[in-house]
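The values are calculated or read from the model by the stated rules, or taken from the named source; none is laboratory data. Here the structure is a predicted model, which means the values were calculated and not measured. All Cβ positions, even for glycine, are placed from backbone atoms using ideal geometry, and neighbour counts span all protein chains on display. The protein model used for the area step is the full one, side chains on, heavy atoms only, and it has no ligands, DNA or RNA in it. Shrake-Rupley method; radii C 1.70, N 1.55, O 1.52, S 1.80 Å.
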Amino acid sequence: MKLRDELPVDHRLATVYRVGAALCGVILLVFASLGFADGLGWFETDGARVAGLSSNGLLSLISLCVGLLLLGGAVVGGNVASTLNMIVGAAFVLSGFVHLFLLDRPANILDFSMSNVVFSFVMGLLIVTFGMYGRVSGGLPHDNPYWRSRHPERARHEAGAMAPALGGRASTRPRRAVSARQDPRSSAGPS
């Protein structure tokens, strides 16, 4: 089974995924623009600060590319934006861990400081949360499209049971099950 076959295509959560990707993409684009405006060297590691974070030209370029990627995901929307948010968010968290160990070492070519590590963790968790919203949980409501796609039989059963309340025609199967439970002749206890 392919992932795209499992995921619902059109649902109201797509707006959350789009807004999350767009918001985080704009934040990264602003950071990148400020870095380019300061004229930072590509591989400088002297601790130049941009918006409270240390940066260099390479980090600004990476921020620009990831910001544009997130904005592209926001334009496409739906499951693409959700999946992209989860992947990019996980990459930010992983980057935070990697750079935590690279602080004050020559391999720190992106000039990360502790504030960058914290920003990477916070931004990663924010992006991942937008991507997973309404998609990953043990207690999804039964009208959630992801719950319905994972439990198609129960979803069809519940839709059939809800049809009389909505003015539609109910299937006979749920009605028989209810009738058998309420029939006094079917009880095994003494009268």
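Sorting the segments 82-88, 23-29 by their mean number of nearby beta carbons within 10 angstrom, highest to lowest, gives 82-88, 23-29.
Summed over all non-identical Cα pairs, the Kirkwood treatment of segment 23-111 gives a radius of 13.7 Å. The H on the amide N of S54, modeled in the peptide plane, is under 5 Å from the matching H of S113, N116, each at least 5 residues off or on a different chain. The modelled label-to-label distance between V98 and I62, using points 7 Å beyond Cα along the C-beta direction, is 0.6 nm.
Only protein heavy atoms count here; under a 1.4 Å probe, D46 has an accessible surface of about 110 Å².
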